[in-house]
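Asker: The structure that follows is given in the form of structure tokens.
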Amino acid sequence: MLSREELLQREEAAWAEFVAEVGRVPEHRRGDGGVVPGWSVNDLVFHNGRWAGVAAEKLTAIGASGSAGEEDADEVWQDKNSLWAAESKSMLYQEAMARALEDRERAREALRALPDVTDEAASWFQEETFDHYQEHTEEVSRFADGLEPGTQGS
């Protein structure tokens, strides 16, 4: 298991990689669908933030009771993804990023607040932050690579 500091460092590095790939997509193209079917860069920025927010909630529960509680069914997670995707469709990049940064910081603070980082806490943090960021970094990278030459960058 990774230590608290290692978890925080991995999260920070993965976030920086994600943001760097987002930066390869011009701001006026970040709302375009197609990064993944039906999703834009803005959607993925907000989505990553919301999942970091889930990590914050689970870590807070672990801190309060020693457990994150029962795992929600896949349908519940799919409903949340759909709700967040619908919400992010009306957001400009700046709003999506600001909201993601808030959720990301909540996750980091929740991890710091734990007296001990249990396997369960480490797993929630890892899966919903840096593992998740890396998955979407690859998708944004492919999207950026597919842009016409001379249109990359903010």
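Asker: Restricting attention to the stretch 136-154, report how many residues are at pLDDT 95 or above and surrounded by 14 or more Cβ atoms within 10 Å (Cβ to Cβ).
Answerer: So the answer is 7.
Asker: Restricting the search to the stretch 30-47, which residues are among the polar types (S, T, N, Q) and either in contact with a helix residue (DSSP H, G or I) (Cβ under 6 Å, 6 or more places away or on another chain) or not in a loop (DSSP other than H, G, I, E, B) (or both)?
Answerer: If the condition is that a residue be among the polar types (S, T, N, Q) and either in contact with a helix residue (DSSP H, G or I) (Cβ under 6 Å, 6 or more places away or on another chain) or not in a loop (DSSP other than H, G, I, E, B) (or both), then Asn42 is the only one that fits.
Asker: Further, regarding this structure: Does Ala85 count as under 18 Å from the mean Cα position of the chain (by Cα) and at pLDDT 95 or above? Step through it out loud before you land on a result.
Answerer: Working: under 18 Å from the mean Cα position of the chain (by Cα): yes; at pLDDT 95 or above: no.
Here the answer is no, as Ala85 does not meet what is asked.
Asker: Scan the stretch 43-57 and give yes if some residue there is more than 24 Å from Leu7 (Cα to Cα) and within 16 Å of the chain's Cα centre (by Cα), otherwise no.
Answerer: Looking through the stretch 43-57, at least one residue is more than 24 Å from Leu7 (Cα to Cα) and within 16 Å of the chain's Cα centre (by Cα).
Asker: Ala68 - would you say it is over 21 Å from Glu139 (Cβ atoms) and at pLDDT below 95?
Answerer: Answer is yes for this residue.
Asker: Out of curiosity, is Ala20 in contact (Cβ under 8 Å) with a residue 12 or more places away in the chain and small (Gly, Ala, Ser)? First the steps, then the outcome.
Answerer: Numbers: in contact (Cβ under 8 Å) with a residue 12 or more places away in the chain: no; small (Gly, Ala, Ser): yes.
For Ala20, the condition - in contact (Cβ under 8 Å) with a residue 12 or more places away in the chain and small (Gly, Ala, Ser) - is not met.
Asker: Here's something else I'd like to know. Can you tell me which of Ser90, Ser123 is part of a loop (DSSP other than H, G, I, E, B), among the polar types (S, T, N, Q) and free of Cβ contacts under 8 Å to residues at least 40 places away in the same chain?
Answerer: Going through Ser90, Ser123 in turn, the sole match is Ser90.
Conditions (1) under 11 Å from the mean Cα position of the chain (by Cα); (2) under 18 Å from Ile62 (Cβ atoms); (3) of a type in the set (A, V, I, L, M, F, W, C), marked per residue:
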{"residue": "Lys80", "(1), (2), (3)": "no, no, no"}
{"residue": "Met91", "(1), (2), (3)": "no, no, yes"}
{"residue": "Ala100", "(1), (2), (3)": "yes, no, yes"}
{"residue": "Ala113", "(1), (2), (3)": "no, yes, yes"}
{"residue": "Thr118", "(1), (2), (3)": "no, yes, no"}
{"residue": "Glu148", "(1), (2), (3)": "no, no, no"}
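Asker: Tell me, which residue of the stretch 10-31 that is among the acidic types (Asp, Glu) and at pLDDT 95 or above is farthest from Glu102 (Cα to Cα)?
Answerer: The extreme case among them is Glu21.
Asker: Inside the stretch 23-53, can you point out the residues that are among the β-branched types (Val, Ile, Thr), buried (at least 20 other Cβ atoms within 10 Å of the Cβ) and in contact with a Leu (Cβ under 8 Å, 6 or more places away or on another chain)?
Answerer: Val25, Val35 - these are the residues of the stretch 23-53 that are among the β-branched types (Val, Ile, Thr), buried (at least 20 other Cβ atoms within 10 Å of the Cβ) and in contact with a Leu (Cβ under 8 Å, 6 or more places away or on another chain).
The values are calculated or read from the model by the stated rules, or taken from the named source; none is laboratory data. Because the structure is predicted, anything quoted here is derived from the model rather than measured. So basically every Cβ, Gly included, is an ideal-geometry build from the backbone, and we count neighbours across all protein chains shown.
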